[in-house]
1. Among the residues of the stretch 126-178, which ones are among the β-branched types (Val, Ile, Thr), outside any helix (DSSP H, G or I) and within 25 Å of residue 101 (Cβ to Cβ)?
2. Open to solvent by 40 Å² or more (accessible area, probe 1.4 Å), in contact (Cβ under 8 Å) with a residue 12 or more places away in the chain and either farther than 19 Å from residue 334 by Cα or not hydroxyl-bearing (Ser, Thr, Tyr) (or both): is that true of residue 276 in this structure?
3. Under the condition of being at pLDDT below 90 and not in a loop (DSSP other than H, G, I, E, B), which residue from the stretch 20-29 is surrounded by the fewest Cβ atoms within 10 Å (Cβ to Cβ)?
4. Of everything in the stretch 299-320 that's in a loop (DSSP other than H, G, I, E, B) and farther than 19 Å from residue 54 by Cβ, which residue is modelled with the lowest pLDDT?
5. Under 8 Å between Cβ atoms, which residue pairs at least 6 apart in sequence (or on different chains) link something in the stretch 242-271 that is closer than 18 Å to residue 322 by Cβ with a partner that is open to solvent by 40 Å² or more (accessible area, probe 1.4 Å) and part of a helix (DSSP H, G or I)?
6. Quick one: in the stretch 179-195, of everything that is touching a residue at least 24 places away in the same chain (Cβ under 8 Å) and outside any strand (DSSP E or B), which residue is most open to solvent (accessible area, probe 1.4 Å)?
7. Report, by residue number, each residue of the stretch 256-292 that is among the hydroxyl-bearing types (Ser, Thr, Tyr), at pLDDT 90 or above and outside any helix (DSSP H, G or I).
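The values are calculated or read from the model by the stated rules, or taken from the named source; none is laboratory data. As the structure is a prediction and not an experimental result, all values here were calculated from the model. Virtual Cβ from ideal backbone geometry, glycine too; neighbours counted across all protein chains shown. With ligands, DNA and RNA removed, areas are computed over all heavy atoms of the protein, side chains included. Shrake-Rupley method; radii C 1.70, N 1.55, O 1.52, S 1.80 Å.
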Amino acid sequence: MKTFEELGVSEQIRRAISELGFEQPMPVQEQVIPYLLNAADSDLIALAQTGTGKTAAFGIPLLQTLDTQSRHTQALILSPTRELCLQISDDLKDFSKYLPGVHVVAVYGGTSIVQQIRALQHGAQIIVATPGRLIDLVNRGKADLSHVGRIVLDEADEMLNMGFSESINEIFEHLPEQRNTLMFSATMSREIERIAKTYLHNHREIVVGSRNEGAEHVNHIYYLVHAKDKYLALKRVVDFHPRIFAIIFCRTKVETQEIADKLIRDGYNAEALHGDLSQDQRDLTMQKFRQHTVQLLVATDVAARGLDVDDLTHVINYGLPDDIENYTHRSGRTGRAGKKGTSISIIHTREKHKVRQIEKEIGKEFVDGTLPSPQEICTKQLYRAMDKIEKVDVDEEQIAPFMEEINRHFEFVDKEDIIKKIVSMTFGRFLAYYADAPEIEKPSGKGEKSARNKEKNGPRKASKGYVRLFINLGKADGFYPGEVMQMLNRYLGGRQQVGHIDLYPKFSYIEVPKQDAQRVMKTLSGTRFKGREVRCNAADEKPTKDFQKGGGKNKNYPTDFVGKGGKNGRKSSKKSDFIGIFDEPTVGDWRELMKPKKWDRNPSAEDFGDEGWALRKPRKKKK
């Protein structure tokens, strides 16, 4: 392996990167740096995973070939996100610590454009930019690209995935004809090839690893579960790896917030990252995750772009993305710098075909995993608890004044009892949960149909010692696990214990201990959430007498079941007698109303739509 000196890196830059801990060049640096230093008039495509040292690979040659006597912008670096833009800018400033007269300016959206204009007016040999903000500055006449000799598209595949293709074309229109284009990407997509044909000439392609391959040191595992068990499976994966430091990828913003709320409620060190958060919230969350003060980051693909974090042990796919390239980006965030990483996918049967497609694309096989058993998880956590206790640093001087009292207090307590108490205190949560943990069945090859049929045989039964309650608020009202807990704690004056939570668009079910059920129903009913009156009752509550008598035209309906069609319902149809349209009837109401249909089981709310239900009484067929 060559040294940075052998690659031709100047003494000033070597001194700066040595202070940053750079000892030996990484593979992409070893190939790219000498090429850019010696072939000044050549274009380049470099394919390498995020986190392989690409910034130094293109940044060092850019800095070393600058004319520091000129204040014109000589190099332009485009990146897909504000976070990556700032990261590249900071790295270049660190590399150029001992290069006098070098000015690097970052321009990006979401912050004051005035300060960025002032920075550009002082001169910037290198601009690091997001496409949208750069176009704004060019159109205002504040950014002059007429002297740019090299343009770098970093994370080019990400920029194209985010819809920046037109912006990139517009930026190239402002660049001089005589310039070099350098593209750095994790994958070689058709769109990347199109851009290369349009803007690159006689380019060289440098590949570190293989085209479109996930990180070399990443193990790929999938766990096949029923859709309803995905969150339970996620908890088992996390519990089985006590030292996990991971990003959990979800498909939507709503799902991201929901999973993060559930994890937080269950005592995990987790936070959400998605587009509905303000920029300040996102910056703070990413800062805490980079500093390892947050253990689990639940994120969407878009929000996590540009987030470069070292030492990720796992990437967890809470379902597979539609685009195989997104999977490559996700899995490539772990297994960096020669370390091993693991990409875990929690999928249901309808996603299994995607696994085969990804295997063909990345040239690697997934392991068909079996979820760890409660016994295995508890054993792993117990060893972790014992290891933490054993490694506690004891400051003898600090505790010396208290030891006499401590020894006297525990004088007659058996050593074995003390150990049991300590272990129970640090390990009790897992023992309590897995003592009665729900079973997670692996689906058969028949798919999800059997699981859905089983779900329809009646409403979910409450966990042992709990009662299932109905609340007339759902996701459409902005009612998520975090809001559930806030409402309970607000109106019940303390931390209310809650079991399973089922959220639907228009209503929710929560489980509370039997002894708390009446108090919760009485306290919540009649309160208001975002202007809507709350109704809370037992999920299997029988309908009122008035309601049982209701049906047909001009009948009176109880006030808590006013129909969307009006107090007196609507006209009968030709095929059936109309009974009513109601917002959220209870399961007991379904039983009574649907008797004419002669159901062979008790219908549940899941059997009906979520925009209000039209219940009709079928007429008898004429003979």
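1. Once the filter is applied, which keeps residues that are among the β-branched types (Val, Ile, Thr), outside any helix (DSSP H, G or I) and within 25 Å of residue 101 (Cβ to Cβ), the stretch 126-178 yields 126, 127, 128, 148, 151, 152.
2. Against the criterion (open to solvent by 40 Å² or more (accessible area, probe 1.4 Å), in contact (Cβ under 8 Å) with a residue 12 or more places away in the chain and either farther than 19 Å from residue 334 by Cα or not hydroxyl-bearing (Ser, Thr, Tyr) (or both)), residue 276 qualifies.
3. 27
4. Only one residue fits best here, namely 319.
5. From residues that are closer than 18 Å to residue 322 by Cβ, the pairs are 254/475.
6. 191
7. 268
Each row is one residue, and each column tells you yes or no for (1) among the hydroxyl-bearing types (Ser, Thr, Tyr); (2) closer than 28 Å to residue 267 by Cα; (3) open to solvent by less than 70 Å² (accessible area, probe 1.4 Å); (4) modelled with pLDDT of 75 or more.
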{"site": "486", "(1), (2), (3), (4)": "no, yes, no, yes"}
{"site": "494", "(1), (2), (3), (4)": "no, yes, yes, no"}
{"site": "512", "(1), (2), (3), (4)": "no, yes, yes, yes"}
{"site": "516", "(1), (2), (3), (4)": "no, yes, yes, yes"}
{"site": "522", "(1), (2), (3), (4)": "no, yes, no, yes"}
{"site": "526", "(1), (2), (3), (4)": "no, no, yes, yes"}
{"site": "551", "(1), (2), (3), (4)": "no, no, yes, no"}
{"site": "564", "(1), (2), (3), (4)": "no, no, no, no"}
